Amino acid sequence: MQDMPKKYSFTESEAKWAEKWSEWGIYNWDSSRPRSETFVIDSPPPTVSGSLHIGHVFSYTHQDLIARYQRMLGKNIAYPMGWDDNGLPTERRVQNVFGIKCNPALPYDPDYKLERRPVDNKKKAQVAQVEVSRPNFIEACNTLTKEDEKAFEDLWHQLGLSVDWNLAYATINDHCRKVSQLSFLDLVKKGKVYQAELPTAWDTGFGTAVAQAEMVDKDVDGRFHDLRFQVEGGGEFTISTTRPELLGACIAVVAHPDDERYKPYFGKNAITPLFKAVVPIRPSTHADPEKGTGILMVCTFGDSADVEYWRKSDLPLRQLIGRDGKMGHVDYSKEPFQSLDPQEANAVYGQLEGLFVKQARAKIVELLRESGDLLGEPRPIKHAVKYYEKGEFPLEFVTTRQWFIRILDAKEEILEKARQIKWHPEFMRNRIEHWIDGLQYDWCISRQRFFGVPFPLWYRVDEKGQIDYNDPIYATPDMLPIDPQSQPAPGYTPEQRGVPGGFVGDPDVMDTWATSSLTPQIVSGWGEDEDKHHKLFPMDVRPQSHEIIRTWAFYTIVKAWMHEDTIPWKNVVISGWILDPDRKKMEKSKGNVVTPKPFLDEYSADAVRYWASRARLGTDTVFDTKLFDLGRKLVTKLFNASRFVIGQLDSDEKFIYSLEELNFDSLGRSIEVDPCSELFKAKKRERLAKENITEALDLALLARLRYIVAEATKSFNEFEYAGALQLVEGDFWNFCDDYVELVKRRSYEEKDTPGKRSAVATLYLALKTILRLFAPFLPYITEEVWSWRFATSEGRECSIHTSPWPTVAELDRPEPKHTELYDCAVELLGKIRQAKTKAQKKLRWPVKSIVIKGSAEYLEALEDALQDVLLAGSAEDAQVIKEVAQIEGNEHFEVEIELADNE
RNA sequence: GGACGAGUAGCUCAGUUGGUUAGAGCACCUGCCUUACAAGCAGGGGGUCGGCAGUUCGAGUCUGUUCUCGUCCACCA
């Protein structure tokens, strides 16, 4: 039995319980229990190199509420935590923190000492980054992610997340790399992946291909340039373009088939200005007569529409922009660039070659102006341009060799799986349906980066030293995880790397989502431990936020379908965003993020959790510290109310626990425990609550509680924790303000009377119920109070968090005679209080007389609680006159109160 | 351009299947140190539910339309 402190120190208490919970292992998944008793959460692995902000605390609390509720239902909870540390965000952070850059050509330097040399983003160009080898770079990534993971783990502990840390993983660790590579090999076997050399969305800043899911639109300033084109055999027209630097990559000119202005030209050729290339003029519905001049040039490649057009056409590929975002080397005297005036074309292009896109644009505008082919001055416009979500330059389309997963021809199957999953809230389902419907490309999974999961394969190098990409050597599952850059292909020696007749490892790594899409399989031990896998997969719940439906949720559904023809989880639960006071999403890049730790320290973890718990599913929430205040108030109130209830229990020990009939259980068997022990006392309290609640008002309170329990349970079953909290919280304040006040005096009685017993027993049972209803939301304060009298010893079984969720059945007592009793009592008490407040008298001021008018039915209902009301209203000496009368309006009674003249 | 969501008291939000006088917290005003709680208690003022039209005996709740905000997708010459 813990002593009840006088003041609640959440700092002390929260630290104490966090420690004990770890010690007791109350959150550990029990691998021996069957799937049917298990509840599995596919928790999102946070990107550890991202900044830690209050939004994390928000959404992770939501999962924890679900976990804690299910645990109290008796479920065996598997609640893992992963760290998403592989991928570009980490690389970028490492570059910025250590001021280094990966050069795969360099050899490993075992003596390289990492130094923190923060790069000022605004002056990045001026700070020289030190080039290091690939292994050195990966070491730096590992070092930094370890630190970041520690910060997250500490925060999660303080927040009270009921994670089973035995199930923790990091997406770059051996196990995850293995699962990820296994997945790739399985997809190879199933024919779901292919390799192709295609124009692919390319981020020139990071030098890597990116997938459709990672593209975002940005509104940027651009300029329309009007260029004059000649028509072969006479005539000319004007094209408006925002990308004049691609003029040399023009392969065709198109206008709408119905556009009368250009109809005469269809079938003829145009001659491009400056480059004097002959390109066909063709009809295409892609052209919008309303836009620009209605006629446009197709270049390889200005945008995805160009790619589309080129693919379907028989036209040549004129690639200008290279992987580095610079204008590459081309020759206009040869195909596919052939010019009518190669010398002139090459002279023009010579001035562009080697320039970045932006510089080339400025240069060619100059040249066009000189040649007179630029009509008027460029006109500024705002237009949307595709970017890699983490990139700073517009995406280009560059033809490169990449690996793709076939999703375009499987839209229907994927959609079907998405529909088998329950989405909470339901309307979020159409986000994914919409996304699947709009897919345009297969999933490009290769990235020309370093800190990721390598492709488990090698290529043969022929006798001429040419790499043969057509017949890769795949690793076998027993070799995983493997790095083909450091290990030789099977059947080869390390010396044969890169030499004619030898091999080379695939240099790329996989898209981070290729691994993250396997979080269920990573946790379940897919491919490693079949028994465990079937106990954890498919999972019960995927909690996540809505901006990654198109990535994480989508890809996970794809993988589960491809590998095992199943859904990965039964439910998806979507959290909203945290908005700043201006209602903008809190994001590091916007500079409006708030660090959570100070709030946990200032207001308590319970208070912060309370704030998070109030948000309905899928609904964005404005960050407002007033709600932390409210949470802290609630915690204090729980503490104080509990002190009162337990004080009443304790004050009664002297007679209640010595009562003879309580030495027997409900079947009449004597209770065989040490009479001084806590267990004995606990059993007696239970007996008391079972058999001594007899007063009508007390029965009415339990009827209310039964309703709250039923409704809160219903909400929780639908993952609507916010609704449950609102209900429980509202009831709790009423319990304090009305019920406790009404029975206080009765519970104070010195003698052992049925009324007193009933009051104490009800307070006990109500508190026991309320604490458990609050436990998922406020794990610390509820555990603290629980430990005072409700836990009979220490350890896993005695935590409130492993106690059973309250049920209607355990509160089953007779209904009070009159269902309106409780409301009648509260109403009369309110009127007495009102009279005193209006008269500006203290609440203990005596009352001379009370005239209560109401229906016979209500007056009778009130009768059972009248004594409690009069005591609570300090009106026990008042003359009470009851009159049967018709009352207008919503109230039960009309009351006239005369206060005493003096105290 | 398409889709989804939101618009309820000064602020932040609840309002279950349409039902009598629309709720809570914060803020504001008044009073009260009542032996769980002044990080408290009691009382009070304040909204006609974005606009319009309709269905209905009756609509914040259903239908249509419209405005504003947010998000996603598409367009991207």
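By counting other Cβ atoms within 10 Å of each Cβ, how are A:Phe451, A:Phe10 ranked from fewest to most? Write out the running numbers ahead of the final one.
Numbers: A:Phe451 26, A:Phe10 21.
So the ranking, lowest neighbour count to highest, is A:Phe10, A:Phe451.
With n ≥ 4 as the cut-off for DSSP H runs, can you work out [θ] at 222 nm for chain A, using -39500 (n - 2.57) per run divided by the number of residues, rounded to the nearest 500? Mind dumping the intermediate values first?
On the way: 27 runs with 337 residues, N = 903.
Mean residue ellipticity, 222 nm, calculated: -11500 deg cm²/dmol.
Using a cut-off of 13 Å between beta-carbons, work out the net charge of the residues near A:Ala809 (Lys and Arg +1, Asp and Glu -1, A:Ala809 not included). Intermediate values should be presented prior to the final figure.
Numbers: positive: A:Lys690, A:Arg706, A:Arg813; negative: A:Glu810, A:Asp812.
Within the 13 Å Cβ shell, the charges total +1.
Give the order of A:Thr619, A:Thr145 when sorted by the count of other beta carbons within 10 angstrom, beginning with the fewest. All intermediate terms of the calculation are to be shown ahead of the outcome.
Values: A:Thr619 13, A:Thr145 24.
Arranged by neighbour count, lowest to highest, A:Thr619, A:Thr145 become A:Thr619, A:Thr145.
Using Cα pairs under 8 angstrom and six or more residues apart, how large is the relative contact order of chain A, in percent?
Details: 1620 pairs, mean separation 121.2, N = 903.
Once normalised by length, the contact order is 13 percent.
Would you grab the residues whose amide H sits under 5 Å from the one on A:Thr208? Only those 5+ places off in sequence or on another chain, please, with H modelled 1.01 Å from N.
Hits under the 5 Å cutoff: A:Asp203.
Using the charge dipole of the range A:729-777 (Lys, Arg: +1 at Cβ; Asp, Glu: -1 at Cβ; taken about the Cα centre), state which of A:Gly755, A:Phe777, A:Leu742 has its Cα farthest towards the positive end.
The residue sitting most towards the positive pole is A:Gly755.
I need the P(r) histogram for the range A:186-330: all alpha carbon pairs, bin width 5 Å from 0 out to the longest distance, whole percents.
2, 8, 17, 20, 19, 13, 10, 6, 3, 2, 1, 0
Which value, in debye to the nearest 20, gives the size of the charge dipole of chain A about its Cα centre, when Lys and Arg are +1 and Asp and Glu are -1 at the Cβ? Write down the numbers at each step before the final one.
Working: 116 positive and 142 negative charges, 258 e Å.
Dipole size: approximately 1240 debye.
In terms of modelled amide H atoms, which long-range or inter-chain residues lie less than 5 Å from the amide H of A:Arg497?
Those qualifying (amide H under 5 Å, at least 5 residues apart or on another chain) are A:Phe503.
For A:Arg429, what is the net charge nearby, where nearby means another residue's Cβ is under 14 Å from its Cβ and Lys, Arg count +1, Asp, Glu -1? Walk me through the intermediate numbers first.
Numbers: positive: A:Lys417, A:Arg419, A:Lys422, A:Arg431, A:Arg542, A:Arg550, A:Lys570; negative: A:Glu416, A:Glu426, A:Glu433, A:Asp437.
Surrounding charge for A:Arg429 is +3.
Can you pull out the GluC sites (Glu not before Pro) in the range A:507-549 that DSSP calls coil and that have at most 16 other Cβ atoms within 10 Å?
Answer by residue number: A:Glu528.
Going by Cα centres, the range A:377-424 and the range A:126-158 are how many Å apart?
About 29 Å separates the Cα centre of the range A:377-424 from the one of the range A:126-158.
Among DSSP beta bridges lying fully in chain A, give the percent that are antiparallel, nearest 5.
Of all bridge pairs located within chain A, approximately 65 percent are antiparallel.
Can you sort A:Glu898, A:Glu245, A:Glu750 by how many other beta carbons sit within 10 Å, fewest first?
Listing A:Glu898, A:Glu245, A:Glu750 from fewest to most nearby Cβ atoms yields A:Glu750, A:Glu898, A:Glu245.
List the lysines whose Cα sits under 20 Å from the Cα of A:Lys535, skipping any in the same chain fewer than 8 residues away.
A:Lys75, A:Lys559, A:Lys570
Hand me the trypsin sites (Lys or Arg not before Pro) from the range A:702-807 located in a DSSP loop with no more than 10 other Cβ atoms within 10 Å, in residue order please.
Working: sites: A:Arg704, A:Arg706, A:Lys714, A:Lys744, A:Arg745, A:Arg746, A:Lys751, A:Lys756, A:Arg757, A:Lys768, A:Arg772, A:Arg789, A:Arg796; in loops: A:Lys751.
Here the sparse-neighbourhood loop sites are A:Lys751.
Could you pull out every one of the lysines with an alpha carbon less than 17 Å from that of A:Lys882, ignoring same-chain neighbours closer than 8 positions?
The reachable lysines, counting only those whose Cα sits under 17 Å from A:Lys882, are A:Lys831, A:Lys848, A:Lys853.
Quick one: which residues, 5+ away or cross-chain, put their amide H under 5 Å from the amide H of A:Ile407? H built at 1.01 Å from N.
Residues meeting the criterion, in which the H sits 1.01 Å from N, are A:Trp443.
Mind scanning A:Lys358/A:Lys590; A:Lys101/A:Lys150; A:Lys690/A:Lys817; A:Lys20/A:Lys683; A:Lys16/A:Lys588; A:Lys637/A:Lys756 and naming the pairs with a C-alpha gap bigger than 21 Å?
Values: A:Lys358/A:Lys590 25 Å; A:Lys101/A:Lys150 25 Å; A:Lys690/A:Lys817 19 Å; A:Lys20/A:Lys683 25 Å; A:Lys16/A:Lys588 33 Å; A:Lys637/A:Lys756 24 Å.
The answer is A:Lys358/A:Lys590; A:Lys101/A:Lys150; A:Lys20/A:Lys683; A:Lys16/A:Lys588; A:Lys637/A:Lys756.
Within 11 Å, Cβ to Cβ, of A:Ile281, how many net charges do the neighbouring residues add up to if Lys/Arg are +1 and Asp/Glu are -1? Mind dumping the intermediate values first?
Details: positive: A:Lys263, A:Lys268, A:Arg282; negative: A:Glu232.
So the surrounding residues net to +2.
Return the sequence-ordered ³J(HN,Hα) values of the range A:256-261 in whole Hz as given by the Karplus equation 6.51 cos²θ - 1.76 cosθ + 1.60 applied to θ = phi - 60°, using x for Gly and Pro.
Working through the residues one at a time gives 5, x, 8, 7, 4, 5 Hz.
Quick one: if the Förster radius is 60 Å, what FRET efficiency do A:Lys411 and A:Ser677 give, using the C-beta to C-beta distance and rounding to 0.05? Write down the numbers at each step before the final one.
On the way: r = 66 Å, r/R0 = 1.10.
Step by step, r from the Cβ atoms, then E = 0.35.
Bins of 5 Å, beginning at zero and ending with the bin holding the largest distance: percent of Cα pairs per bin for the range A:526-597, please.
P(r) for the range A:526-597, in whole percents per bin: 3, 13, 17, 19, 13, 10, 9, 9, 5, 1, 0.
Would you please put A:881-890, A:454-463 in order of how densely packed they are, using the mean number of other Cβ atoms within 10 angstrom per residue and starting with the highest? Write down the numbers at each step before the final one.
On the way: A:881-890: 10.3, A:454-463: 20.4.
Ranked from most to least packed, the peptides come out as A:454-463, A:881-890.
Just the Kirkwood number for the range A:787-863, please: inverse of mean 1/r across all distinct Cα pairs, in Å, one decimal. Write out the running numbers ahead of the final one.
Working: mean 1/r = 0.0594 Å⁻¹.
Evaluated over the range A:787-863, this radius sits at 16.8 Å.
The numbers here are math on the coordinates, done by the rules we state, and not lab data. Given the structure is predicted, the values throughout are model-derived calculations rather than measurements. Here the Cβ is made from the backbone with ideal geometry for all residues, glycine too, and neighbour counts use every protein chain on show.
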